[in-house]
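Trainee: One structure coming up, written as structure tokens, with questions to follow.
The values are calculated or read from the model by the stated rules, or taken from the named source; none is laboratory data. These numbers come from a predicted model, not from an experiment. Backbone-built Cβ (ideal geometry, glycine too); neighbour counts: all protein chains shown.
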Amino acid sequence: MNQMTKPTPESQPPMLRAKDLTHRVRLENDTLTILQGVNLEINRGESVAIVGRSGSGKTTLLGLLAGLDTPTEGSVELDGATISQLSEDERAQLRASRVGFVFQSFQLLPALTALENVMLPLELAGIGDPEKRARELLERVGLGERLTHTPRQLSGGEQQRVAIARAFASEPVVLFADEPTGNLDNRTGQAVSDLLMALNREQGTTLVMVTHDEHLAARCARQFHIEAGQLTEPNELGEPVS
Amino acid sequence: MAAEQKLMSVRRDWRERDVRVVLAALVIAVATVATIALFASQLQRTLVTSASSFLAADRQLEAENGRPIPDSWLQEADARGLETGQMVEFSTMVFGGEGFQLVSVKAVSNEYPLRGEIEVQEGPDSPRQLVSSGPGPGEVWINPRLLRLLELEIGDSLEVGNLELTVSGLLIREPDGGFRLSALAPRVMMHKDDVPSTGVVQEGSRVEFVYLFAGEEAALEGYYEWLQPQLEPSHEWEGVRDGETFSRSLQRAERFLLLGGSLAVLLAAVAVAVASRQYALSQRDTVALLKTLGLNGAGIGRLYLRRLLLWGVTGIVGGLLVALPLFWLLASMLSDVLERPVDISLDPAALAPALLTALVSLFAFAYPPIRRLRNVPAMRVLRSQPGESGREAWPDMLVAIVAIFGLVWLYAGELALVVSLLGGLVLLLAALGLLGWGMVTVLRRVRGGGNAWRLALVGLYRHRNASLSQIAVFAMTLMLAATLVLVRTSLLDDWQAQLPDDAPNHFLINIAPDTVDEVAGFWEGQGQPLEELYPMVRGRLTELNGQPVKEAVSKDERIGALNRELNLTWMDSLPEDNEIVEGQWFADGDQDGVSVEAELAGRLGLQLGDELTFTIGSEKVTETVTSIRTVQWDSMKPNFYMAFPPGGGLEGLPATWITSFYLPPEKNTALNDFSRQFPTVSVLEIDHIISRIQEIVQQVTRAIEAILALILAAALVVMAAVVSATLRDRQREGALLRTLGGRQSLLVRSTMLEFAVLGGFAGLLGVVAAEAAVYALQFRMFEGSFSWHWQVIIPIPLISAIVLSLFGRWQLRPVLSVSPMLLLRRLE
């Protein structure tokens, strides 16, 4: 469990593959199409940014890719497993063992200390000595002195660093980040994204990030644009290809 | 100002869950307190009327000396606006039909009875009916047994002394058929005006004149104050509350109702406190926003104060809308039980406690956290500020606790009740402190894993503050509810135990010493063995430590026992239902000393070693108090204020024997044989007294059940308040746990386990605290004896654990049914 085997990219299918993803939500007397026929492949170890305006459907896409929700049509494969064929518990198992999350609003539990927040996924995954690993990670993100502080006692940047430590705690193979700097000022955002990228490199994680920040997106190997539920990947010249 | 008003709307408030809980708590508080107060006042009036009818009046004055009281005494009563009536009671032989019989005559004036009704039959097979006056002149009503004994028929004539009267009815039940010793032989009721013509009552004959009084309580008290200095020792003034048998049931019922009301107040206050604190927390963003829009602290204060008042009015109106129909329902149930119409009336004064409860709950519990809203900084709009630590709420808590216990005190009028409940709560808090400390030290070592148990324990540790306050509220709720259940159970058990189905319903009195064995043999032969037989000597307590007793005892003490002859007895072993509270029971062979009933000893201020002198006929007997014992007056067995050892002070004095026994109704005819065989033994039938007591018990039981239901509703509101207070946090946590890969089943199991542990602890603490409170209450208020109630100590924590874990499961519902994605967005 501790050490996920990471075979070489050539011999393996892509880490993430979305086929004809469509997602609709039913409103009172109407259906709203949020995503329309999205196709996407992301390889192991790649870093990918999905850029789009508010309401373009990017967070929904992230949720579907991460298995937090199931699409109306189409399928998602994560590390070889077809998410839509898994039960809720199997999806949870998948998330616990292979997926990490960073949210725009940090999503730390207010009652828990920084240390306890980071320990949470380790405890869920049943990984031995969660406290030791959580301490190491918090030290790695520069919060070694703030272990017993609760989210309230931490600044926004610090909270997001706790969230990043939590995301990497269970050594995920893929990390999903939803506007990780969206609630932070420029300088803090910069520091947080540096940290995110650095950890990502160190651990060889696949990174899928949703953002409307072009600078942050530019730090990823690939960028996709999403608009009105449609995904496009610009080519080297910046022109959209389907 | 206009903006402030626009911000206020009950409809908008209603959408807030916390406001709904506050309103529900207020409605229940007002409804419970109002219903209880209204019903208690109704019940009390009914019971007093019902019990008054035992005297056929509110007060009786008995003259045992064979002389009527001066006319001026009755004129004074008239002048004070009291109704009066008269009775003359004597025993005589009557002749009729085939023979003669010793009877007990009660001759009544037109006014009799002032309270209650007489139950009569026109013939042996006619329906029974209730009438409100006795037989007219020239008529006589007789006991059905006498009809059989003399083989009479309705319309026959019966000779009483020189007068011939017509038997015009059968006397089934008289309202004042108590334990009067002169009322021994079969009863004959006639008109008082006929008495002189009988020639039976002459100077020196053994006659009792009884005077009835009814009217306003104040007028009765005033009259007694006027009368008291003129009373002679042979005069006995009796009121309902002096009646040993009934006043106890009555007092306990009243106290229970008040206890129930007090608990409802406490529970509702807790619900209001929890919900309004939660409401205040949820309003902080709004307040910050209003401040940035230019509203100042004072404006915020006004805004929320007005909102609070609006809730108050809504709560009071809603509560009364619930209380009134409930009261009518209970009151009409009461009249069903009594099988007679009850005069239902609303006592406006009874509504005061309900209004006071609403106001105190609002201002002592809801206002403080809401008042602090004005201190929320506008900066909060930009940057989330640390929330309340809870420490600033302590002074408010103290004020609130004082306020609420003050209210309970005012309401129940019993310091003992307040002290008992407060004691239980202090114990609870101490136990909680200990539990908190234990939780922190023990649970800190637990490390989570995939295991639901460990996750649950880690969860408890993480939410230690929330967990402890939840345990506190649940435990308090359970304590209050358990207290009520325990008191109710022991109250009903006590009554049941005192009046089992085969409780003695007949007394045999005046058994001559040489026929004791024969009498016992007769009933043995009938398959109805007698209870213990006791010798009885009539005597008066005249001196206390050599001083005349009336001087030795403060004049303020109205002690019926001093105004009349006491039944004295000797016995070698203590009756089963008596209990020695001080001193020692007579050892074998002891011939000295006297054992005194505890309550009388208390009122006379008697101590072990005091010397009592009794006047028995022309003899004086002096003995030292060697023990003080309690007596079950309502056991329907012979009971004695004074007991001597065999061969002691009463040795050689003329005694007759007394006993009681149960005779099933179908064997009633055996009484006729018995009366023929033992004409001098008097039979006292007390079936109707027993059925009266059972009626009272039944009324109170109904009321108790209804109140218990209200209290449980209040407890549910408290639970809802507490649950709603943590709902959001728990849902967020659940959503996050699922996002981070927690399986649903793990989440469900760990949450249920966490709540089960919470519920188990709360249940245990609640029950122990309830036992402590009940111990104090039993001891001080209900005069019962205390024992551990294993029947609740084990199931309540268990049930509480199960219920709370289901509650926890229920809380998780939205977390499980929605995709984690949606949930996180929704909770953001």
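Trainee: With respect to A:E131, determine if the residue is among the charged types (D, E, K, R), more than 9 Å from chain B (Cβ to nearest Cβ) and assigned to a helix (DSSP H, G or I). First the steps, then the outcome.
Mentor: On the way: among the charged types (D, E, K, R): yes; more than 9 Å from chain B (Cβ to nearest Cβ): no; assigned to a helix (DSSP H, G or I): yes.
For A:E131, the condition - among the charged types (D, E, K, R), more than 9 Å from chain B (Cβ to nearest Cβ) and assigned to a helix (DSSP H, G or I) - is not met.
Trainee: Then there is this: Answer yes or no as to whether A:F168 is of a type in the set (F, W, Y) and either more than 8 Å from chain B (Cβ to nearest Cβ) or assigned to a loop (DSSP other than H, G, I, E, B) (or both). First the steps, then the outcome.
Mentor: On the way: of a type in the set (F, W, Y): yes; either more than 8 Å from chain B (Cβ to nearest Cβ) or assigned to a loop (DSSP other than H, G, I, E, B) (or both): yes.
Criteria met by A:F168.
Trainee: Something else about it: For A:R161, state whether it is charged (D, E, K, R) and assigned to a loop (DSSP other than H, G, I, E, B).
Mentor: Values: charged (D, E, K, R): yes; assigned to a loop (DSSP other than H, G, I, E, B): no.
Criteria not met by A:R161.
Trainee: Exactly one condition in (1) within 11 Å of chain B (Cβ to nearest Cβ); (2) surrounded by 24 or more Cβ atoms within 10 Å (Cβ to Cβ) is false for A:G156; which is it?
Mentor: (2)
Trainee: How about region B:88-121: which of its residues are among the aliphatic types (A, V, I, L, M) and over 33 Å from the mean Cα position of the chain (by Cα)? Break it down stepwise before answering.
Mentor: Residues of region B:88-121 that are among the aliphatic types (A, V, I, L, M), as a first pass: B:88, B:93-94, B:102-103, B:105, B:107-108, B:114, B:118, B:120.
Once the filter is applied, which keeps residues that are among the aliphatic types (A, V, I, L, M) and over 33 Å from the mean Cα position of the chain (by Cα), region B:88-121 yields B:V88, B:M93, B:V94, B:L102, B:V103, B:V105, B:A107, B:V108.
Trainee: Hey, another quick one. Considering each of A:S11, A:S75, A:S105, A:S87 in turn, give the residue that is hydroxyl-bearing (S, T, Y), touching an Asp or Glu at 6+ places or on another chain (Cβ under 9 Å) and modelled with pLDDT under 85. Spell out how you get there, then give the answer.
Mentor: Values: A:S11 fails: touching an Asp or Glu at 6+ places or on another chain (Cβ under 9 Å); A:S75 fails: modelled with pLDDT under 85; A:S87 fails: touching an Asp or Glu at 6+ places or on another chain (Cβ under 9 Å).
That would be A:S105, the only listed residue that is hydroxyl-bearing (S, T, Y), touching an Asp or Glu at 6+ places or on another chain (Cβ under 9 Å) and modelled with pLDDT under 85.
Trainee: Among A:T113, A:T148, which is surrounded by fewer than 18 Cβ atoms within 10 Å (Cβ to Cβ) and β-branched (V, I, T)? Can you show your working first?
Mentor: Numbers: A:T113 fails: surrounded by fewer than 18 Cβ atoms within 10 Å (Cβ to Cβ).
That would be A:T148, the only listed residue that is surrounded by fewer than 18 Cβ atoms within 10 Å (Cβ to Cβ) and β-branched (V, I, T).
Trainee: Moving on. Can B:L663 be described as at pLDDT 80 or above, outside the structural domain of B:R825 (by TED's automatic domain parsing) and under 22 Å from B:P175 (Cα atoms)? Reasoning before the result, please.
Mentor: Values: at pLDDT 80 or above: yes; outside the structural domain of B:R825 (by TED's automatic domain parsing): yes; under 22 Å from B:P175 (Cα atoms): yes.
So B:L663 passes the test.
Trainee: So which pairs qualify, if the first residue must be in region B:665-691 and of a type in the set (F, W, Y), the second must be modelled with pLDDT under 80, the Cβ gap must be under 9 Å, and the two must be at least 6 apart or on different chains?
Mentor: Matching pairs, first to second residue: B:F674/B:V681; B:F674/B:V683.
Trainee: Looking at A:G74, A:G100, can you tell me which residue is small (G, A, S) and touching a Pro at 6+ places or on another chain (Cβ under 6 Å)?
Mentor: Working: A:G74 fails: touching a Pro at 6+ places or on another chain (Cβ under 6 Å).
That would be A:G100, the only listed residue that is small (G, A, S) and touching a Pro at 6+ places or on another chain (Cβ under 6 Å).
The rows are residues; the columns are (1) within 24 Å of B:D285 (Cα to Cα); (2) modelled with pLDDT under 75; (3) not in a helix (DSSP H, G or I).
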| residue | (1), (2), (3) |
| --- | --- |
| B:P341 | no, yes, yes |
| B:L351 | no, no, no |
| B:T357 | no, no, no |
| B:P369 | yes, no, no |
| B:M379 | yes, yes, no |
| B:Q385 | yes, yes, yes |
| B:E388 | yes, yes, yes |
| B:V408 | no, no, no |
| B:A416 | no, yes, no |
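Trainee: Could I ask something else about it? Can you pull out the residues in region A:16-63 that are in contact with a strand residue (DSSP E or B) (Cβ under 8 Å, 6 or more places away or on another chain) and part of a loop (DSSP other than H, G, I, E, B)?
Mentor: Scanning region A:16-63 gives A:N43, A:R44, A:G45, A:E46, A:G52, A:R53, A:S56, A:G57.
Trainee: May I pose another question? Go through region A:119-167 and give me each residue that's β-branched (V, I, T), closer than 19 Å to A:R98 by Cα and at pLDDT below 90.
Mentor: A:I127 - this is the single residue of region A:119-167 that is β-branched (V, I, T), closer than 19 Å to A:R98 by Cα and at pLDDT below 90.
Trainee: Only one of B:F246, B:F213 is in contact with a helix residue (DSSP H, G or I) (Cβ under 7 Å, 6 or more places away or on another chain), in a strand (DSSP E or B) and either among the aromatic types (F, W, Y) or at pLDDT below 75 (or both). Can you tell me which?
Mentor: Working: B:F246 fails: in a strand (DSSP E or B).
One residue alone meets the criteria, B:F213.
Trainee: Also: Those residues that are β-branched (V, I, T) and at pLDDT 80 or above, I need them from region B:794-828; list them, please. Quick ask: steps written out before the conclusion?
Mentor: Step one: list which residues in region B:794-828 are β-branched (V, I, T), which gives B:794, B:796, B:799, B:802-803, B:815, B:818.
Residues satisfying the conditions are B:I794, B:I796, B:I799, B:I802, B:V803.
Trainee: Please go through region B:293-305 and pick out each residue that is over 22 Å from B:R20 (Cβ atoms) and either under 44 Å from the mean Cα position of the chain (by Cα) or assigned to a helix (DSSP H, G or I) (or both).
Mentor: Just the residues of region B:293-305 that are over 22 Å from B:R20 (Cβ atoms), to begin with: B:293-302.
Answer for region B:293-305, where residues must be over 22 Å from B:R20 (Cβ atoms) and either under 44 Å from the mean Cα position of the chain (by Cα) or assigned to a helix (DSSP H, G or I) (or both): B:G297, B:A298, B:G299, B:I300, B:G301, B:R302.
Trainee: A follow-up question, please. Residues to consider are B:S126, B:S168, B:S109; find the one that is surrounded by 14 or more Cβ atoms within 10 Å (Cβ to Cβ), farther than 19 Å from B:Q86 by Cβ and small (G, A, S).
Mentor: Values: B:S126 fails: surrounded by 14 or more Cβ atoms within 10 Å (Cβ to Cβ); B:S109 fails: farther than 19 Å from B:Q86 by Cβ.
Answer to the selection: B:S168.
Trainee: Just to be sure before I move on: is B:L146 closer than 14 Å to B:V108 by Cβ, in the same structural domain as B:S109 (by TED's automatic domain parsing) and not small (G, A, S) in the structure I sent? Don't jump to the end; show me each part of the working.
Mentor: Values: closer than 14 Å to B:V108 by Cβ: no; in the same structural domain as B:S109 (by TED's automatic domain parsing): yes; not small (G, A, S): yes.
Against the criterion (closer than 14 Å to B:V108 by Cβ, in the same structural domain as B:S109 (by TED's automatic domain parsing) and not small (G, A, S)), B:L146 does not qualify.
Trainee: Going by the structure shown, is B:V48 at pLDDT below 80 and either in a helix (DSSP H, G or I) or closer than 16 Å to B:A214 by Cβ (or both)? Explain how you work it out, then say what you get.
Mentor: Values: at pLDDT below 80: yes; either in a helix (DSSP H, G or I) or closer than 16 Å to B:A214 by Cβ (or both): yes.
Yes: the conditions hold for B:V48.
Trainee: Somewhere in region A:138-153, is a residue away from chain B (no Cβ under 13 Å), free of Cβ contacts under 8 Å to residues at least 24 places away in the same chain and assigned to a helix (DSSP H, G or I)?
Mentor: For region A:138-153, residues away from chain B (no Cβ under 13 Å), free of Cβ contacts under 8 Å to residues at least 24 places away in the same chain and assigned to a helix (DSSP H, G or I): present.
Trainee: Out of the residues in region A:71-127 meeting the condition of being of a type in the set (V, I, T) and in contact with a strand residue (DSSP E or B) (Cβ under 8 Å, 6 or more places away or on another chain), tell me which one is farthest from the other protein chains (Cβ to nearest Cβ). Write out each step before concluding.
Mentor: Step one: list which residues in region A:71-127 are of a type in the set (V, I, T), which gives A:72, A:76, A:82-83, A:99, A:102, A:113, A:118, A:127.
From what's left, in contact with a strand residue (DSSP E or B) (Cβ under 8 Å, 6 or more places away or on another chain): A:72, A:76, A:82-83, A:99, A:102.
Numbers: A:T72: 12, A:V76: 13, A:T82: 17, A:I83: 12, A:V99: 7, A:V102: 11 Å.
Applying the filter and picking the extreme gives A:T82.
Trainee: Which residue out of B:R277, B:R302, B:R307 is touching a residue at least 60 places away in the same chain (Cβ under 8 Å) and farther than 30 Å from B:L712 by Cβ?
Mentor: Values: B:R277 fails: farther than 30 Å from B:L712 by Cβ; B:R307 fails: farther than 30 Å from B:L712 by Cβ.
When all the criteria are applied, what remains is B:R302.
Trainee: Condition (residue is within 25 Å of the chain's Cα centre (by Cα), part of a helix (DSSP H, G or I) and modelled with pLDDT under 75) applied to region B:719-741: is it met by at least one residue?
Mentor: no
Trainee: Quick test for you: out of B:L308, B:L290, B:L267, pick the one residue that is closer than 30 Å to B:L727 by Cα, at pLDDT 80 or above and either not in a loop (DSSP other than H, G, I, E, B) or not assigned by TED's automatic domain parsing to the domain that holds B:T477 (or both). Lay out the reasoning, then the answer.
Mentor: Details: B:L290 fails: at pLDDT 80 or above; B:L267 fails: at pLDDT 80 or above.
After applying the criteria, what remains is B:L308.
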